[in-house]
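Engineer: This is the structure I have questions about; it appears just below.
The values are calculated or read from the model by the stated rules, or taken from the named source; none is laboratory data. The structure presented is a predicted model; accordingly, all values stated were derived computationally and were not measured. We place every Cβ from the backbone using ideal geometry, glycine too, and count neighbours over all the protein chains shown. Surface accessibility is based on the protein's heavy atoms, side chains included, excluding ligands, DNA and RNA. Shrake-Rupley method; radii C 1.70, N 1.55, O 1.52, S 1.80 Å.
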Amino acid sequence: MRPFPEPDPGEPALGSPGRYLLWLAAAHRASAVLAVGYGVLCTLAQAFVPAAIGRGVDRGLIAGDRGALVAWCAVVLGLGVTQAVAGTLRDRCSVTNRFGASYRTMQLVTRKAAQLGAELPRRVSAGTVVSVGATDITRIGAALESTARGGGAVVSIAVIAGVMLTVSWQLGLVALVGVPLSAAAIAALMRLLHARQHGLRKEQGALADLAVDIVDGLRVLRGIGGERVFADRYRERSQRVRHEGVRVAGVESSVAAGRLLLPGLLVTVIVWLGAHFVGTGRMSPGALVAFYGYAVFLAEQLRRATSMVDQLTRAFVAARMVTDLLAMEPGLGSGDRDLDAEGARGPLRDPGSGLEIPPGRFVAVACARPDDMLLLADRLGRYVDSPATLGGTPLAEFPLAEVRRRILVVDHDARLFSGGLAAQLDPHGPAGGGAGGDMNGSAHGAADRLRRALDTASAHDVVEALPEGLDQEITGGREFSGGQRQRLNLVRALLADPDTLVLVEPTSALDAHTEARVAERLGAHRHGRSTVVFTTSPILLDRADHVVLVEGGTVVAEGRHGELLADARYRAVVTREVTVA
């Protein structure tokens, strides 16, 4: 199967949930039309089987005409073959629609997540994003898949009702009245189900948010003995989800009962009236057999039609969550000024605080308030709208993607992804090869860079402890301790080799000996490149070319670590010295 084309962001994918589902259907117009067409052909072939059997009974068995019996048996066989072939093609197109809709939605959601970047966690919870990727995308795909069977059911119901009217207007009228009434009763339950499902979806998202928070802070919770508090909180939230699930299940059970009971009652009425008509001579036995088949067929198609409505109801709820996410726009604009090499060599400066990073220097920044570290790092990397400049030019005038490439910010919450460790540390390493170049030479150079980065971050022991070394498959870094993750994140940052590397507390979880090795090697590794380390560790501060003290969000002192120790404010931040008035 050929790959699905990239979705066009200009398409009306950001409208209402209904418009979004229509856009997905239009994006797969050919397969969607074929699926419905094959679905109609399949169900019509199945629908005419009772008529063929009834004719065979009347003209073959009762009339004693062997030739007619054989002919109508052949017609039944032909209808069965047509149904089998059309059903196979219908299911093939339906699966294409299902996965096409799911993958297109995944592409759009992933693209939006990448577009929002660091803004995403500030705009939407992690649990919501997880629920969209794990549940909503699947429901949208299932809804498009159901349209083939459901569309065929709707068409076949109308056709068979017309056939029944031509044979016996009384029975046909019963079918025409009974089917819409049954559908209306089930549709009323569907509307209630829609509202209940929306409430359940919100509670599930809130529970997922809480679960993510607990997993992220599990180490801290164990350290302060807060497991019981959060366990109680999770239990209370999960009970709310259970309560909403029970309410949804109550409506779902009513819908399921209606799907079985109402069509069953309709079949009973039609068969009873048909038997009465046969007894009074107003209908032939073959016609009664056909009407019984029609009634059973209508009951099945009614269940399929209501199932399609159920799937579309779920998809509507899911599409609302997707469109809410897709409607978010980045708060940061992107300029169009060329960020040339000369500009990149200029100083990086934050006018708001007075912090300036000279080109090619290893600068350490000690902040009296921990919150200032993240704020200043975000300003320097333009993760927030700020007047920061590079070479005298505001960062806002440069393309955002180019700023991200030149200035890399790595905070203490940076994470590893799942996959091979080597690929997570160096995505552009040996696997990338070279376009027509020496693959062995490229691989050798990448391996040298990786070994040097591991040595600088003192992370060789982390790799050697893994059974498969760099080829080890990791699961998001959960198998590593906090200090091991910090060192691996530092390796990844060093391999990216940006013009300016901004590190926030890169050694806070390391022991003193390991931190000393990292501090000793970091400056040499980044020689000729700008490196900014936000830290209050005396070991790192002592190795920096230049140290800046920030208090109250403003630079208040600068110099070497040894010189600044004479400043009481600096000593209070770095040595935790408490001055008593």
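Engineer: Assuming 0.36 nm per residue, please report the length gained on full extension of the stretch A63 to F230 beyond their Cα-Cα distance.
Structural biologist: Full-extension gain reported as 52.2 nm.
Engineer: Related question: Please give, to one decimal in nm, the separation of the simple spin-label points placed at D567 and R92, each 7 Å out from Cα toward the Cβ.
Structural biologist: 7.5 nm
Engineer: Also, I was wondering about something else. Using a Debye calculation, one point per C-alpha and no hydration shell, please list log10 I(q)/I(0) for segment 66-128 at q = 0.20, 0.25 Å⁻¹ in order.
Structural biologist: Debye curve over Cα of segment 66-128, log10 I(q)/I(0) at q = 0.20, 0.25 Å⁻¹: -0.84, -0.98.
Engineer: Just grab the label-to-label distance for R478 and H276, each label 7 Å out from Cα along the Cβ direction, in nm (one decimal).
Structural biologist: 6.5 nm
Engineer: Out of all DSSP beta bridges with both ends in the chain, state the antiparallel percent to the nearest 5.
Structural biologist: Bridges in the chain are about 45 percent antiparallel.
Engineer: On the principal axes of its Cα set, how long, how wide and how thick is segment 64-206? Give whole Å, largest value first.
Structural biologist: 80, 33, 18
Engineer: Oh, and also: Provide, as a two-decimal number, the C-alpha radius of gyration of segment 472-579 over 2.2 N^0.38 Å, N being how many residues it has.
Structural biologist: Working it through for segment 472-579, the quotient is 1.17.
Engineer: Sticking with this structure for a sec: Report the accessible area of D545, computed with a 1.4 Å probe over the heavy atoms of all protein chains in place, in Å² rounded to the nearest 10.
Structural biologist: 60 Å²
Engineer: For E468 and T82, FRET efficiency with R0 = 45 Å and r from the beta-carbon atoms, rounded to 0.05?
Structural biologist: FRET efficiency, T82 to E468: 0.25.
Engineer: So, in nm, how far is label L165 from label A524 when the simple model puts each one 7 Å beyond its Cα toward the Cβ?
Structural biologist: Those two pseudo-labels are separated by 9.2 nm.
Engineer: While we're here: Rounded to the nearest 0.05, what FRET efficiency do H546 and H513 have when you use their Cβ-Cβ distance and R0 = 35 Å?
Structural biologist: Here the calculated transfer efficiency is 0.90.
Engineer: Next question. What translational diffusion coefficient, to the nearest whole µm²/s, does the chain have by Stokes-Einstein, given a Kirkwood radius computed over alpha-carbon pairs, a temperature of 10 °C and 1.306 mPa s viscosity?
Structural biologist: 54 µm²/s
Engineer: Right, another one. Tell me which trypsin sites (Lys or Arg not before Pro) from segment 482-581 have a DSSP coil assignment and no more than 10 other beta carbons within 10 Å of their own.
Structural biologist: Working: sites: R485, R487, R492, R517, R521, R526, R529, R543, R560, R569, R571, R576; in loops: R526, R529, R560, R576.
For trypsin sites (Lys or Arg not before Pro) across segment 482-581 that sit outside H, G, I, E and B with at most 10 neighbouring Cβ atoms in 10 Å, the list reads R576.
Engineer: Related question: Based on C-alpha coordinates, I'd like the Rg and Dmax of segment 311-406, in Å.
Structural biologist: 18.6, 60
Engineer: I'd like to check one number: the per residue accessible area of segment 85-170, probe 1.4 Å, reported in Å² as a whole number. Kindly include the intermediate steps, with their values, before the conclusion.
Structural biologist: On the way: 3610 Å² over 86 residues.
Per residue, segment 85-170 has an accessible area of 42 Å².
Engineer: Now a separate question. Where in the chain is the longest stretch that carries no GluC sites (Glu not before Pro) classed as loop by DSSP and with at most 14 other Cβ atoms within 10 Å?
Structural biologist: 1-467
Engineer: To one decimal place, what orientation-averaged projected area in nm² is obtained for the convex hull of the Cα set of segment 92-148?
Structural biologist: Reported value for the Cα convex hull: 3.7 nm².
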